[in-house]
1. Rounded to the nearest 5, what is the percent of antiparallel bridges among the DSSP beta bridges in the range 104-219?
2. Could you tell me what percent of the DSSP beta bridges with both partners in the chain are antiparallel, to the nearest 5?
3. Which net charge results for the neighbourhood of Thr93, defined as the other residues with beta-carbon distances under 14 angstrom from its beta-carbon, given Lys and Arg at +1 and Asp and Glu at -1?
4. With the contact rule set at Cα under 8 Å and sequence spacing of 6 or more, what percent relative contact order holds for the chain?
5. Between the range 138-183 and the range 287-304, how far is it from one alpha carbon centroid to the other, in angstrom?
6. Let me know the charge dipole size of the chain about its Cα centre in debye, to the nearest 20, where only the beta-carbon of Lys, Arg (+1) and Asp, Glu (-1) is charged.
7. Would you mind calculating the relative contact order of the range 1-59 from Cα pairs under 8 angstrom and at least 6 residues apart, reporting the percent as a whole number?
8. Just add up the charged neighbours of Arg40: K/R +1, D/E -1, any other residue whose Cβ is under 14 Å from the Cβ of Arg40.
Amino acid sequence: MNTPTTFTVAVLAGDGIGPDVIAEGVKVLRAVEKQLSGVRFELREFSVGAGEYLRSGDPLPAGALEGCRACDAILLGAMGLPDVRWPSGVEMTPQIDLREKLDLYCGLRPIKLYHPHDTPLKNVGPGGIDFVIIRESTEGLFSARHNSAVPADAELATDTMRITRVGAERICRRAYELAAQRRRHCTLVDKANVLPSMAYFRRIFDEVGRDFPTVQTLRVYVDAAALYLVQKPHAFDVLVTENMFGDILSDLAAGLIGGMGMAPSADLGDRHAVFQPSHGTAPDIAGKGIANPIATILSVALMLDWLKHPEARRGAELVRQAVAAVLANPADRTPDLGGTRTTEQMGDLIAARL
Ligand code: ATP
């Protein structure tokens, strides 16, 4: 018998609802593992986040970072708590530090409607919303987060949008590559009519596009993109944008498919990758056992795709099919979607389908 391929996965449950949803993600990973031949998962847990800061004074200890680097993939819950802040007043965000330290430049946010019951839009059938937002995750306006805190008596505060050629080229290339594998349509979201940095981004988008003649393109200003995503989400396949615009539009897009609890994400680099639900720690529902674990479970599917092993890829498809099968019954929903199921019950239902 052939020796199975073992993939190592760093598990960072984090704060707030992170541990609740990660428990269900791991449950589903173990359930799908049983269906796969020749693939095994070795899970390594690390404590990272605001809770870890309270314990050790460092929200992302060096040992945890090195542990993550050594693994094939990283599965993350959510991090940060409103009351735990740096002396400057900002919240700790080790998940963003991880993106920068591991050069995870490609934020992948698939937005897919599994059941018409879950969208606030009218007349949308299954499959009517199915697009991917690609968010640049290492520069853009977020790079200003490294600026020093603004003194209380300051008369001026500025944050700068940073766009580098290397950063713009690699993110646009990822977007075109993905579009080429999907419906061959790629939309650039920018603000090229106002900001020179965005006109530069657009120029690079056009240059990279010459290598992908089969992909149709569209350029949309970010304000119009917000409108069109609500009015005609079916018109989009892959959208690519800078960090901050991607942050905002991803939340809007999650609203189209049932909210933060339904939106998975991946932060991909060339060597490392983090998989996590798009939502944060949701302190308002932490510890109540009612968080929706589906975003995390679908992030596990993204992780299985990333491992680039045929059996793992089959596992990703099995997970998505199990989610679809459970959501076919509108009664099987957590309270964010109007149901009464607990976090654990949703995980059990999906694992049982596997
Ligand atoms: P962050 O700043 O990290 O995004 P946040 O607390 O501002 O964190 P989220 O954690 O994303 O934002 O939550 C926004 C709202 O969505 C909260 O009111 C929360 O109750 C709800 N929410 C988020 N995730 C889930 C989930 N998995 N299940 C149910 N509701 C959720």
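1. Working: 8 of 12 bridges.
Expressed as a percentage, antiparallel bridges in the range 104-219 total about 65.
2. Numbers: 17 of 45 bridges.
Of the beta bridges lying entirely in the chain, close to 40 percent run antiparallel.
3. Numbers: positive: Arg85, Arg99, Lys101, Arg145; negative: Asp15, Glu52, Asp58, Glu91, Asp97, Glu100, Asp247, Asp267.
Neighbourhood net charge equals -4.
4. Working: 738 pairs, mean separation 79.9, N = 354.
Relative contact order of the chain: 23 percent.
5. What the calculation gives is 27 Å, centre to centre.
6. On the way: 38 positive and 43 negative charges, 242 e Å.
Here the size comes out at about 1160 debye.
7. Details: 61 pairs, mean separation 29.0, N = 59.
After rounding, I find 49 percent.
8. Charge balance in the 14 Å sphere: -1.
All of the numbers you see were taken from the coordinates with simple rules; none came from a lab. Because the structure is predicted, anything quoted here is derived from the model rather than measured. A quick note on method: Cβ atoms are made from the backbone with ideal geometry, for glycine too, and the neighbour counts reach across all protein chains shown.
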